[in-house]
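S.K.: Structure below; questions to follow.
The values are calculated or read from the model by the stated rules, or taken from the named source; none is laboratory data. Everything numeric in this text was worked out from a predicted model, so none of it was measured. We place every Cβ from the backbone using ideal geometry, glycine too, and count neighbours over all the protein chains shown. Accessible surface areas use protein heavy atoms only, side chains included; no ligands, DNA or RNA. Shrake-Rupley method; radii C 1.70, N 1.55, O 1.52, S 1.80 Å.
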Amino acid sequence: MIITMRDDSNLDQQRQIVRHIQERGFQTHVLGRGGDTVIGISGRTVTPVLREEFASLPGVAAVTPATRPYMLAQREARPDGTRVRVGEVVIGGAEPVIMAGPCVIEGHDQMLEAAQAVKAAGATMLRGGAFKPRTSPYSFQGLGEEGLKILALARDLTGLPVVTEVMEPDQVDLVAAYSDMLQIGSRNMANFPLLRRAATAGKPILLKRGFSATVEEWLMSAEYLLAGGNDQVVLCERGIRSFDTATRFTLDLNAVPLARQLTHLPVIVDPSHGTGRRELVEPMALAGMAAGAHGLIVEVHPSPDAALCDAQQSIAPEVLERIVARALALADLLAPAPRVTSITALAAD
Ligand code: PEP
Ligand code: MN
């Protein structure tokens, strides 16, 4: 069951409601602060009598049954959608957000050159890995804290907020100290101790879909973050395993409109890992936008062929520039048309 607070409710009312519900033997999970606050209730069955009791408490707008196992993430909890703020950037609104940068931070010059190039190409956020989840233990694992320092320098130079991956619960504070958004990678989507710890870092989180995870499992992982008190979560579809080896993964575009129906959280698409092939990145980026994504995360390198990680899917800054222009044009084209209710309104326009 979820309780939606009235727009004009205050923090005191919220606290009283939480206390009241806990006294009845339930656990409470509070999402957000202010007008869009939602309180999830778990632990026992809410009887019709209790439901009426909760609905009559001061400040309550509605008490709604959880239609899905991810009660805080379900669309009904915030029908208008969640907006996630990363510095000045808002994810989940009308403006598409384009995160771009190299797969891995290789060094000072490479990262700074990449950062300036993606900024000039129109990117709104900067990406780059310092702790890399590599399939082989012998592959370059990233520069660790030194990489984070370079990333923070790139942020200062360009003004672009930065997103980078955190792989272990013990790394969360370190990565949070240097970045504006924490990335939970595909391989760690169901690492519940990491999710619990990351939720408390006070940073927005980019949650990538596990490449063998169902949409429901992905949303349950998001629920861990929300139940942990963090409502600033962005979902990222990054491709799933299929039988076909022609591409690295199969970008599951079904998941984009589906997730947008099932949850209020913003959804972005990663056409780089989703395809693993440079020549497919632009068309699949645009397909992702057409499917309703709020933005993209793209691997871009100043010299793509020389990239130390994921060279075959890295694109040049010039290609990013074209993707940004086309993604913005698509977003304009697909923006919900203003609703015209009468001929008079049309004439008045
Ligand atoms: C990445 O974006 O750097 C990455 C490793 O992606 P994924 O977790 O989706 O494989
Ligand atoms: Mn990569």
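One line per residue, one yes/no per condition, for (1) within 16 Å of ligand 1 (Cβ to nearest atom); (2) farther than 26 Å from ILE3 by Cβ; (3) β-branched (Val, Ile, Thr):
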{"residue": "ARG75", "(1), (2), (3)": "no, no, no"}
{"residue": "GLY81", "(1), (2), (3)": "no, no, no"}
{"residue": "VAL89", "(1), (2), (3)": "no, yes, yes"}
{"residue": "ILE98", "(1), (2), (3)": "yes, yes, yes"}
{"residue": "PRO102", "(1), (2), (3)": "yes, yes, no"}
{"residue": "ILE105", "(1), (2), (3)": "yes, yes, yes"}
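S.K.: Okay, next question. Looking at ILE98, ILE105, ILE91, ILE150, which one is away from ligand 2 (no atom under 16 Å from the Cβ), among the β-branched types (Val, Ile, Thr), in contact with a helix residue (DSSP H, G or I) (Cβ under 8 Å, 6 or more places away or on another chain) and closer than 23 Å to MET189 by Cβ? Step through it out loud before you land on a result.
M.R.: Working: ILE105 fails: away from ligand 2 (no atom under 16 Å from the Cβ); ILE91 fails: in contact with a helix residue (DSSP H, G or I) (Cβ under 8 Å, 6 or more places away or on another chain); ILE150 fails: closer than 23 Å to MET189 by Cβ.
When all the criteria are applied, what remains is ILE98.
S.K.: Within the range 185-202, track down each residue that is touching a helix residue (DSSP H, G or I) at 6+ places or on another chain (Cβ under 6 Å) and open to solvent by less than 50 Å² (accessible area, probe 1.4 Å).
M.R.: Across the range 185-202, the qualifying residues are ASN188, MET189, LEU194, LEU195, ALA198, ALA199, ALA201.
S.K.: For the range 108-119: of the residues being closer than 16 Å to PRO304 by Cβ and either within 13 Å of ligand 2 (Cβ to nearest atom) or among the aliphatic types (A, V, I, L, M) (or both), which is surrounded by the fewest Cβ atoms within 10 Å (Cβ to Cβ)?
M.R.: ALA117
Per-residue answers, yes or no, for (1) surrounded by fewer than 18 Cβ atoms within 10 Å (Cβ to Cβ); (2) modelled with pLDDT of 95 or more:
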| residue | (1), (2) |
| --- | --- |
| ASP12 | yes, no |
| HIS20 | yes, yes |
| GLY32 | no, no |
| VAL38 | no, no |
| SER42 | yes, no |
| ARG78 | no, no |
| GLY87 | yes, yes |
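S.K.: Another one. Looking at LEU207, LEU174, which one is of a type outside the set (Ser, Thr, Tyr), within 16 Å of ligand 1 (Cβ to nearest atom), free of Cβ contacts under 8 Å to residues at least 40 places away in the same chain and more than 21 Å from SER314 (Cβ to Cβ)?
M.R.: LEU207
S.K.: Within the range 161-180, restricting attention to residues that are out of contact with any Lys or Arg (no Cβ under 6 Å at 6 or more places or on another chain) and within 24 Å of GLY239 (Cβ to Cβ), which residue is most open to solvent (accessible area, probe 1.4 Å)? I'd like the intermediate steps shown before the answer.
M.R.: Residues of the range 161-180 out of contact with any Lys or Arg (no Cβ under 6 Å at 6 or more places or on another chain): 161, 164-168, 170-171, 173-175, 177-180.
Filter once more, keeping what is within 24 Å of GLY239 (Cβ to Cβ): 164-168, 175, 179.
Values: THR164: 1, GLU165: 17, VAL166: 0, MET167: 43, GLU168: 90, VAL175: 0, SER179: 2 Å².
For the range 161-180, the residue satisfying everything is GLU168.
S.K.: Against the condition within 14 Å of ligand 1 (Cβ to nearest atom), out of contact with any Pro (no Cβ under 7 Å at 6 or more places or on another chain), assigned to a loop (DSSP other than H, G, I, E, B) and not hydrophobic (A, V, I, L, M, F, W, C), how does GLY147 come out, does it pass? Reasoning before the result, please.
M.R.: Values: within 14 Å of ligand 1 (Cβ to nearest atom): yes; out of contact with any Pro (no Cβ under 7 Å at 6 or more places or on another chain): yes; assigned to a loop (DSSP other than H, G, I, E, B): no; not hydrophobic (A, V, I, L, M, F, W, C): yes.
For GLY147, the condition - within 14 Å of ligand 1 (Cβ to nearest atom), out of contact with any Pro (no Cβ under 7 Å at 6 or more places or on another chain), assigned to a loop (DSSP other than H, G, I, E, B) and not hydrophobic (A, V, I, L, M, F, W, C) - is not met.
S.K.: Of all residues being in a loop (DSSP other than H, G, I, E, B) and acidic (Asp, Glu) in the range 236-287, which is nearest to SER212 (Cα to Cα)? Just the residue, please.
M.R.: Pass one, the range 236-287, residues in a loop (DSSP other than H, G, I, E, B): 238-239, 241-249, 251-254, 264-266, 270, 276-277.
Next, only the ones that are acidic (Asp, Glu) stay: 244, 252, 270.
Details: ASP244: 14, ASP252: 11, ASP270: 16 Å.
By that ranking, first place goes to ASP252.
S.K.: Condition first: open to solvent by 60 Å² or more (accessible area, probe 1.4 Å), more than 19 Å from ILE297 (Cβ to Cβ) and not aromatic (Phe, Trp, Tyr). Can you find one or more residues in the range 120-130 that meet it? Step through it out loud before you land on a result.
M.R.: First, the residues of the range 120-130 that are open to solvent by 60 Å² or more (accessible area, probe 1.4 Å): 120.
Going one step further and asking which of them are more than 19 Å from ILE297 (Cβ to Cβ), we end up with none.
No - not one qualifying residue is present in the range 120-130.
S.K.: Something else about it: Restricting attention to the range 263-307, which residues are charged (D, E, K, R) and buried (at least 24 other Cβ atoms within 10 Å of the Cβ)? Let's see the steps before the verdict.
M.R.: Keep residues of the range 263-307 that are charged (D, E, K, R), which gives 270, 277-279, 282, 299, 305.
Scanning the range 263-307 gives ASP270, GLU299.
S.K.: Would you check if SER272 is over 24 Å from ARG68 (Cα atoms) and more than 16 Å from ligand 2 (Cβ to nearest atom)? Please lay out each step first, then the result.
M.R.: Working: over 24 Å from ARG68 (Cα atoms): yes; more than 16 Å from ligand 2 (Cβ to nearest atom): no.
No, not satisfied.
S.K.: Next question, about the same structure. Give the range 78-115 a look and list any residue that's touching a residue at least 24 places away in the same chain (Cβ under 8 Å) and in a strand (DSSP E or B), or say none. Step through it out loud before you land on a result.
M.R.: Initial filter on the range 78-115 (touching a residue at least 24 places away in the same chain (Cβ under 8 Å)): 78-89, 91-108, 110-115.
Across the range 78-115, the qualifying residues are VAL84, ARG85, VAL86, VAL89, ILE91, VAL97, ILE98, MET99, ALA100, GLY101, VAL104.
S.K.: Also, I was wondering about something else. Which members of the range 261-306 meet the condition of being closer than 26 Å to PRO336 by Cβ, in contact (Cβ under 8 Å) with a residue 60 or more places away in the chain and within 16 Å of ligand 1 (Cβ to nearest atom)?
M.R.: Within the range 261-306, ILE268, ASP270, ALA293, GLY295, LEU296, ILE297, VAL298 meet the criteria.
S.K.: Would it be correct to say that ARG134 is in contact (Cβ under 8 Å) with a residue 60 or more places away in the chain, open to solvent by 40 Å² or more (accessible area, probe 1.4 Å) and within 15 Å of ligand 2 (Cβ to nearest atom)? Explain how you work it out, then say what you get.
M.R.: Numbers: in contact (Cβ under 8 Å) with a residue 60 or more places away in the chain: yes; open to solvent by 40 Å² or more (accessible area, probe 1.4 Å): yes; within 15 Å of ligand 2 (Cβ to nearest atom): yes.
It is true that ARG134 is in contact (Cβ under 8 Å) with a residue 60 or more places away in the chain, open to solvent by 40 Å² or more (accessible area, probe 1.4 Å) and within 15 Å of ligand 2 (Cβ to nearest atom).
S.K.: Considering the range 215-262 alone, what residues qualify as being aromatic (Phe, Trp, Tyr) and open to solvent by 20 Å² or more (accessible area, probe 1.4 Å)?
M.R.: Correct list: TYR224, PHE243.
S.K.: Testing GLN141 on (1) more than 14 Å from ligand 1 (Cβ to nearest atom); (2) without any contact (Cβ under 8 Å) to a residue 12 or more places away in the chain, one condition comes back false. Which one is that?
M.R.: Single failed check for GLN141: (1).
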